[in-house]
Structures are given as C-alpha cells and as structure tokens.
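K.L.:
What follows is a single structure, and I will ask about it in a moment.
Nothing in this text is a laboratory measurement; each read-out follows from the coordinates by a stated rule. If you're wondering where the values come from, they're calculated on a predicted model, not measured in any experiment. No Cβ is skipped: glycine too gets one built from the backbone with ideal geometry, and neighbour counts run over all protein chains shown.
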Amino acid sequence: MFGKLSWSAIPFDQPIPLITSIVLIGTILGVLGLVTWKGWWPYLWKEWFTSVDHKRIGIMYVLLGSLMLVRGFADAIMMRTQQAVAVNAAGYLPAEHYNQIFSAHGTIMIFFAAMPLVIGFMNFVTPLQLGVRDVAFPTLNNVSFWLTASGALLVNISLFVGEFARTGWLPYPPLSEATYSPGVGVDYYLWAVQISGIGTLMTGINFVTTVLKMRCPGMTYLRMPMFCWTVLASSLIIVAVFPILTATLAMLSLDRVFGFHYFTNTAGGNPMMFMNLIWAWGHPEVYILVLPAFGIFSEVFSTFSGKPLFGYRSMVAATLFICVVSMMTWLHHFFTMGSGPAVNTAFGISTSIIAVGTGVKIYNWIFTMYGGRVRFSVPMLWSLGFIFTFVIGGMTGVLLAVPPADFLVHNSMFLVAHFHNVIVGGVVFALFAGLDYWFPKAFGFRLHEGWGKAAFWFALIGFWVTFTPLYILGMQGMTRRLQHVNIEEWKPMLDLSVVGVAILVVGVVCQVIMLVVSILQREKLRDVTGDPWDGRSLEWATPSPPPFFNFAVMPNVEGEEAYWGIKLRAIETQQMSPMPKYEPIEMPVNSPVGFYTAFFASVTGFALIWQIWWLAGLGLVGAFIGFVVFAWRDVHEFHVPVEEVESADRARRASREALMARLAEQGALP
Amino acid sequence: MTDLPATVETIRRVREDPHRLGHRDHGPEGPVKGAGHGDTGPANKRIVVGYGFWIFLLSDIVMFSCFFAAFAVQRNATAGGPAIGQIVEMPRTALETGALLLSSYTCGLSFAATNARNKLWTQVFLLITGLLGLAFVGMELQEFISLAQQGITPQRSGFLTSFFGLVGLHGLHVTIAGLWLATMMAQVQLKGFRREIVHRLICFNLFWHALDIVWIGIFTIVYLMGIGP
Amino acid sequence: MSDLDYDPHSYEAPLDHRDDHAPGDEPGESAGHWVANSNLGLGFSVVLTVAAFVLAGSHLIYGPAIPVALLVLAVAQMGVHLVFFLHVTTGPDNTNNVLALAFGVMVVFLIVVGSIWIMNHLNQNMMPMDQLMRMQP
C-alpha cells in the first residue's frame, strides 16, 4: 500500500539527523504559523507565488538559493570538523552518515544553491538590461522556479524521512545501482535532480529566446550589456547539456527500478558509460555557473572604474568560445579511467585551450580598471578578490589538465581544493558582488557598506585559510571523502582548515548582520534616484524598485551602454529628454500553474522514491489535469491603463530632475 | 547622495578625444526599423513561441542522442542473449515507418488548412494524423509484447536494455504527442483559431515532424543496420 | 542621432514580411504552396525510405559500405523533412533557426561520436565488467 515506506524511515536511532529534523521542522512550522497569524497568505499568493514577474521570480530564486547555501555550508562545517577530529580516531559521524553528508553537500551546493542563485540573477537583471518588460515565456518562468523548489523540498525531506544517497554528488554505478544501494537514498537524489533539472532546462529555453528575440528597439547584438551575452551563452549550454543529465539519470532510474542493464556490472551493462555521459553534462554545468558570474564581474568592473568595458568584442568572442569549447573537455574528469593516451591527450589539450578564453576576460577586466577612477565599494572588493582567487584556482586547473599530473592528484584533496577555489572564487564571490550591486535596484535601499566589507574580508581570508591546507594535503597524498584519517602528519593541516571554516562562519554572520542592519536602517540607505552607482546599463534608468512593467516606454538604444548615453546627453544639455507619449501596456496575468505543477511533481517524486505506485499515478494525472486547465484559460493578459503608466513615469522623471538639480547646485556639472 | 565624477570625466574625455578611438558604436545611428532580427524591438509573439519551441526540440534531440549513444556502445553487449538481427521484423518496421511518415504528411496538410482557417479540414487531417500515430504505437506495443512473450525483455542484457530504451522512449514521445493532439483537436473545436491556439498548433507541428525525424534515425541505425545480408 | 531616448512607435504591429520566421511557419505562404511543399516532401521521403529498406540486407552494393549508404539516405531524408515539412531554409529570415539547428547538430555529434570514441578506447584498455566480476573470489 505504501511501497517501501514505513515508520522505520524516520531516523529515531540517529541523533544528529533527528535533532536537526526536529529543529528544522519546528522552525518551518513557526514561520508558517507566523505567516498565518499575520494574514500574509493572500498577499504572498497573489504577489509572489503566482507572480510571472521576472523580478519577483528572481528574488524567490535568490532566497531559495541562499537558504540552501546555508544548509550546504552546514554540511561543509560537519565534514571539515569530522576530518580534523577523526585522525586515528572514530570522529563523531559514523561512515554511513558521513557519506550522506558529503553527497548532500555537493548535490545541494551545485543544484540547489549555486544554480538557483545564478538563475535568480539572470531572471532579475536580463529583461531590465535588454530594455523589455519580461522574459519570453513568463508563466514558464514561474513553473521553472517551482520545479526547482520541488527538488529542494525532496532533498530536505530525505533528512527526516529515509536517507540520502551515499555515493557522492554524482552517483557512480555500480555503487548507485540497486544491488549495492538498495535503500531510497539514491532515489531521493535522482528524483530531486530530475525534477529541478526540468525546471532548469525550461529556464535555458526561456533565456535563449529572450536574449535572441526580445530586445528593445535599436539594441543589436553588439550593443547588449556583457551580462546579457553571458546569460545567452550560459542558457545555450543549459539547453545543450541538461538533456544529457535527464537521459543519464533516467537510465540509472530504469536500472534501479526495472532492472535494466544500462550501467550494471553484469549482463552487458557498462558502468563507465555513466561516467562518460554524466561528465558530458557535468563539465559544461560548471560553465553554466561561471559564465553569468563573469558577466556580473564585467558589469561591476566597468561601473566601478567609471569606464566602458575594455575589449567588448573580444569579451563576446571569448564568451562564445568558452560556450562551445566547454562541451569538448569532459573527459578530464576521468583521465584515470583508462581511455589511453590518444583520448587523454586530445581532452587534455582542449582543457588547456579553454583557459585561453578566461585569460582574455581577466586581462580585459584589468585593462578596464586601468586609467579609470576605481571606487573600492563592496562589489569591487569582491571582484578584486575574485581576480586573485580565481586566477590561482584556474592555474591549478591547468595543472590538472595535464593527464600524467592528473594521475597523481585525481580524486585527492588537491582536486577538492581546486574546484572549491574556482567555484567559490568565481561563482560565490560573483554572487555576493551582484547581491550588493543589484540589491538597491530590487528593494529600493542599499546594503550597509561596513558590514559588507567585513563580510568580504572574512570570506576571502577564511576561504584561503580553509583551502590552502587542502591543496597541501592533496599533494601529500590525501584522498577525498575520507571519513577518518590514518596519517598523523596530516592533522595540523586539517586543524588549520577548521580554523579557516570558523573564519568563514564569521563571514556568514557578517552577511546576516549586514542584511538585518540594512533593513533596519533602510531609510538612511534609501536609493531615491534609481541609479546609486552611476550605472551604465538600462536597469539603472528605472526607479528602485522598478514598476512591474519595468519601462513606461521602451527605450531606444543607439550605442553600447545604452543608459550611459542617455545620462550624458541629459547632463550635457542640462535637461531631460522630451516627455514621451504614453500608451496602455499589456502585461501577462499571474498563474497558479507553476505551484500546482510543482506540488504534483513533489507528490510524484516522493511516490516514485518509495515505490508507492498508485500515488505516483495520481500525481501524474493531477499534473496533466493542471496542464489542461491552464491550457483552457481564456485571459492571458491585462491592460495597464495609461494613467498608471504616466504617473509612474512622472515620478521617475521628477526624481531624476531632482538629482540633476542637486548636481548642478554642487557644481558637478560642466 | 550619489557622486558622479565619472560622468563628468567622460564628458571631458569626449571633448578631448572627439574620435573616441576604440569606443565607436556598433550598428547604425538612430532608431532602426524594418531590419528584422531583433533590432526593431521584441519580436512578434508567434515568432517567439515558435522559436522557443524549436530550442526545446533541439534539447529533446540531444536527449535522444544520449540514448542513441548508449545503443551504439551496447549494441554488442548481448550477454549470451539475442542480438539485433534476431529481434528485427522488417515487415512490421516497414509498416511503422510508413504510418509515421504518412502521419507527418497529413500533419503538414492540417497546418495548411489551419493557415487557410478551414476548421473542417484541420480537424480531418489532425484526426488522420492521430489515427496513424495510434497505429504506429499499437504496432510497437505489439512488437514489444511479442518479444516479451519469447523472454526477450530489457532485463535480459545491456543490448536489449538500450534497444527497448531507445525505441520505447520514442514510442513514449509519440504517445504523449497523441494526448496533445487530442487536446488540440478539442481546443480547435471549442475555441476556433484564436491566436494562442494557432501558436500551439505551430508547436505541435514542429513536435510531430521532429518525432518522424528521430524515427528516421531509429529505423536506420537500429533496424536497418541490424540486419545483415 | 535622434533627440528621443525612447521609441515613439508601438510594437503591437502585425508580422512584417521582413521579420524572422519561426521554423515550421511561413505565415505569408498560401495554402496551395504549402500543400505542394508537403507533397514534394512526402514524395522524396518515400523514395529515400524505400531505397533504404531495399538496400539493407541486400547485395546491391559492397557489403561494408551498406551502413554508410544507409546513414547517407537517413541524413538526406532528415534534410527533406527539415526543408519541406519544417521550412528551415537558408534564407535571411531563417538565420536564427539554422544557427540553432547547427548548434544542436554539433552537440549531438559531440555526444554520439565522442561517446563511441571514448567508450571504445575504454573497452580496449580495461577488462570488461563481466570478466572482472567473474574474477571475484
């Protein structure tokens, strides 16, 4: 009746998951109770959960990603401390549990922290920078978000009902096959990632179409902000490689549930094919994450140096180069699996070549700063920290790209340090830079600068103190994923790493304090003009936060850095552009289809995990009915009346005029 | 309070460097009209929907290619069981191919009728398309069942797994497309040729044709290459 | 350079014949032309399909060349479908569609050819799993 589900699924005998679950469930119930008591459900439902506004969806993605980042970080703290105390000792985490923790850490960080955060930024910024009102498929956007949330939900449920995978964040067979992992852990992983993977694929389709087919008048390809180019490249990679993930995980599911022989080690299955296919997805995946990060840095470097981005066309070329070559390097993740010198050499060369694209970008960013008036604001600090950190991480990557060298350090702590180096230095630093940069646009007030700088310094120092010891340990021969350590000489480095983690914790606390303080002081930090950083691209032409339709009239672009031109002209002529003729605007209506789809996806996923077949069928039928009901909708858009458009725009023009008047007073105008 | 030194700096720099070497604009001056390709603002919704679905189709083809790759890698992993030559039945394959190809043709005809806003012929050709698709799936089910009755199941070997997986995935797509077709027929009947219905018919057409394109790959690589002289 | 930093024209305009086309769609085309295209597509496809079926398992050409010939026929037929049923042509209104298709084809090529190349080498250098398992005590 209930498949494999029974009361023994709840970890009554394991204190750590049990206590964590109780605390988490208590907190969640508390939050839900608060929302109910305050009567916020109608507002949340109407304004956020069913919203098809890219800005709201972007904020929800960032919130989801941030929460999961904290959960993933908690896993990391547990891992580092376990390794430090378990030197010729048992440690406090049994192997069964430790294996789940490192698997959950990787899975959560990649799929439910980094991806949602990056996609959240893509969502919020791209239509504003392109000068349009929303993405190509707004309702699909909402569905994507909720499917991702559904996957995150399933992963978190595994904490208190059942278990998680013990295979690492990529479940290699034969360990992940039913014979050797008969429990539900791998199934939780498979369905959580499959469901959110569908959401991500739809996001990719959405953004490819948006960037290619929806730009404001005059915005040719070579007039787009650099961030939009990286969004395009990243979305192209998503569209190209997420189907590989879907296919491969589906094959593994078929093996586990129906006894197929794709990757089994008997009857003609080929486990190595899993590694081949999953890394054909896995390598481009990291470029999906890092390309928008590079885009964020392009925006920050040019804004805070007061100069246009150096070498725009070479940046575009480098981005597209990375986009294509990223799909030609995947074997470097399994050089040691035995494909022989010819294959290894080819992929070693392609891996080294792809570094050239990034090199071009780094030089362009440095030359952007040269000759400019650099402001060391918080986003700029993160960017400078990135240059230093990522370049070193990239160099260790080029070292790993050499097959004979990789044979020595494959799956050692050197590898672990390398990929954290590039992901933290590249993606995480970019996300914090972007958070500080676009927070005023999203919420109307800036983040507290002092706490922001503190958070940066603790993060930068904490990162290096955590991971330099791991580089050293890797070179000394320490393998990854060790639940306990038998070599006494490694203890000092492991302890030093934990000190680094403590510094990182302080950094995280600083971030939280920064948020709280900024909210409390929001009037003082209010962004009245919409352009707090002297920005160069179109999102800074809107008020902070922008009206739901973004632009009262779509801007007309005549060069690179659309907003910069508008601003210069206004300042030189000391007057605003003429008042436009306002027209009513058509905007898409909200829709609950995303929430319903994700609800049934979660039900189906849970049912498939526990093999409750009737419930899975019910979930699928429910989802289908939801689609049909949505397809029958007659009203897709609503009209925004001219008066509303005009009054929003008049307010914006008034604030800009006030800004110009103030500048004229200060004598800042020529 | 914002400080705008950079803006002023730029104005000064422009006055000193009128040619703005290295910072020339790209693209024509002034507002651009009629040049297509996104320069004139966001594209019409019909184009946006069609293009988005095209991108989705390409992603679906990538997913199929993974199953093709698995088939290519495991084609000889028969584990002592039957090989491709022993499970292919040419007459049935020929019938399946004919049915699907014909259904692609009638699907195209139905879209011609849609463009002419002719509800009757749209529905007639959609119905024929659906029946041909049903025949295709029916024959495939027959094939699978008859194989299973001989003990030839996907659980037998890696080769059979990849065979049933690839052909079955395609059959599943055709089945889902069939459900979609039925829904579209109902919508056309009840709502006529409203803008979004036509957009969905464009997408359906793309999907159905793409399934036939994938079938070309399957019948060639799996079935025809499997039989030796 | 115009004085306006906004666009004075509304964009609810109907399809401009100079605009891009979505694949599978040519709104300006007459039904007769469309049916003619479909007929040509069906005709060519039938010829290519019959040729493939006849060729397979026959002795009409040199044996080892048959798989290659079959692939050529398949690719040709896919082309016929793309051109006659999906209207993906090389005109300037189709550039985005063709580029997307080329990108997709590149990815498919990388996955299929790459996997076959890699797995072949792996299988040459590593003992097959079955044998490995039989060596277990």
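K.L.:
Pull up all non-local amide H partners of residue A:585: gap of 5 or more, or a different chain, and H-to-H distance under 5 Å with H placed in the peptide plane.
P.N.:
A:640
K.L.:
A further question follows. For residue A:414, what charge total do you get from the other residues with a beta carbon under 15 Å from its beta carbon, if Lys and Arg give +1 and Asp and Glu give -1?
P.N.:
Spelling it out: positives minus negatives among the neighbours equals +1.
K.L.:
Under 5 Å between amide hydrogens, which residues at least 5 positions from residue A:52 or on another chain qualify, with H placed 1.01 Å from N in the peptide plane?
P.N.:
Hits under the 5 Å cutoff: A:591.
K.L.:
Let me ask another. In whole Hz, with x marking every Gly and Pro, tabulate ³J(HN,Hα) for the range B:79-94 from phi via Karplus 6.51 cos²θ - 1.76 cosθ + 1.60, θ = phi - 60°.
P.N.:
Ordered by residue, 3J(HN,Hα) equals 6, x, x, x, 9, 4, x, 8, 10, 7, 10, 4, x, 5, 4, 4 Hz.
K.L.:
Related question: Which of the listed residues, A:528, A:512, A:281, is farthest toward the dipole's positive end in the protein assembly as shown, when Lys, Arg count +1 and Asp, Glu count -1 at the beta-carbon?
P.N.:
A:512
K.L.:
Before rounding to the nearest 500, sum -39500 (n - 2.57) across all DSSP H runs of length at least 4 in chain A and divide by the residue total; then give [θ] at 222 nm in deg cm²/dmol.
P.N.:
Computed ellipticity for chain A at 222 nm equals -22500 deg cm²/dmol.
K.L.:
Tell me, A:215, A:256, B:195 in order of fewest to most beta-carbon neighbours within 10 Å?
P.N.:
Neighbour counts put them in this order, fewest first: B:195, A:256, A:215.
K.L.:
Treating the angle as unsigned and between 0 and 90°, give the value, to the nearest 10°, between the Cα long axis of helix A:115-130 and the longest Cα principal axis of chain A.
P.N.:
Helix A:115-130 and the main axis of chain A meet at about 20 degrees.
K.L.:
Just to confirm the number: angle between the C-alpha axis of helix A:226-258 and the first principal axis of chain A, 0 to 90 degrees, nearest 10?
P.N.:
30
K.L.:
Another question, then. About the Cα centre of the range A:503-638, what is the dipole size in debye to 20, counting +1 per Lys and Arg Cβ and -1 per Asp and Glu Cβ, all else neutral?
P.N.:
420
K.L.:
Follow-up. List every residue whose amide H lies under 5 Å from the amide H of residue A:445, counting only residues 5 or more places away in sequence or on a different chain, with H placed 1.01 Å from N in the peptide plane.
P.N.:
HN-HN under 5 Å from residue A:445: A:527.
K.L.:
With the cut-off at 31 Å, tell me which of the pairs A:307/A:441; A:307/A:581; A:55/A:581 have Cα atoms farther apart than that.
P.N.:
Among A:307/A:441; A:307/A:581; A:55/A:581, the Cα-Cα distance tops 31 Å for A:307/A:581.
K.L.:
Determine ³J(HN,Hα), in whole Hz, for all residues of the range A:568-578 in sequence, where each value follows from phi through the Karplus function 6.51 cos²θ - 1.76 cosθ + 1.60 and θ = phi - 60°; x replaces Gly and Pro.
P.N.:
Result, ordered by residue: 4, 4, 4, 6, 5, 7, 6, 8, 6, 5, x Hz.
K.L.:
Mind checking which of A:471, A:458, A:500 is farthest towards the positive end of the range A:442-518's charge dipole, using Cβ charges of +1 (Lys, Arg) and -1 (Asp, Glu) about the Cα centre?
P.N.:
Value: A:458.
K.L.:
What trypsin sites (Lys or Arg not before Pro) in the range A:362-461 are in a loop by DSSP, with at most 16 other Cβ atoms within 10 Å of the Cβ?
P.N.:
For trypsin sites (Lys or Arg not before Pro) across the range A:362-461 that sit outside H, G, I, E and B with at most 16 neighbouring Cβ atoms in 10 Å, the list reads A:373, A:375.
K.L.:
Nearest 20 debye, what's the magnitude of the dipole of chain A about its Cα centre given +1 on Lys and Arg Cβ and -1 on Asp and Glu Cβ?
P.N.:
Taking the Cα centre of chain A as origin, the dipole is about 700 debye.
K.L.:
Determine one quarter of the surface area of the Cα convex hull of the range B:45-227, which equals its mean projected area, and express it in nm² to one decimal.
P.N.:
10.2
K.L.:
Here's a follow-up. Do me a favour and compute the ellipsoid semi-axes for the protein assembly as shown from its Cα gyration tensor, root of five times each eigenvalue, largest one first, whole Å.
P.N.:
45, 39, 27
K.L.:
Among B:101, B:223, A:243, which residue has its Cα furthest toward the positive end of the charge dipole of the protein assembly as shown, with +1 on Lys/Arg Cβ and -1 on Asp/Glu Cβ?
P.N.:
So the residue we want is A:243.
K.L.:
Under a Cβ-only charge scheme (Lys and Arg +1, Asp and Glu -1), can you give me the dipole magnitude of the range B:45-227 about the Cα centre, in debye to the nearest 20?
P.N.:
760
K.L.:
Moving on. Provide A:21, A:144 in ascending order of the number of other Cβ atoms located within 10 Å of each residue's Cβ, fewest first.
P.N.:
Ranking A:21, A:144 by Cβ neighbours within 10 Å, fewest first, gives A:21, A:144.
K.L.:
In addition: Mind pulling the angle between the C-alpha long axis of helix A:271-305 and the longest principal axis of chain A? Nearest 10 degrees, somewhere in 0 to 90.
P.N.:
Between helix and principal axis, roughly 30 degrees.
K.L.:
Which ³J(HN,Hα) values in Hz, rounded to whole numbers, follow from the phi angles of the range A:441-451 under the Karplus curve 6.51 cos²θ - 1.76 cosθ + 1.60, where θ = phi - 60° and Gly and Pro get x?
P.N.:
5, 6, 10, x, 8, 7, 8, 4, 6, x, 5
K.L.:
Per residue of A:373-380, what is the mean number of Cβ atoms on other protein chains within 10 angstrom of that residue's Cβ?
P.N.:
Taking all residues of A:373-380 together, the mean is 1.
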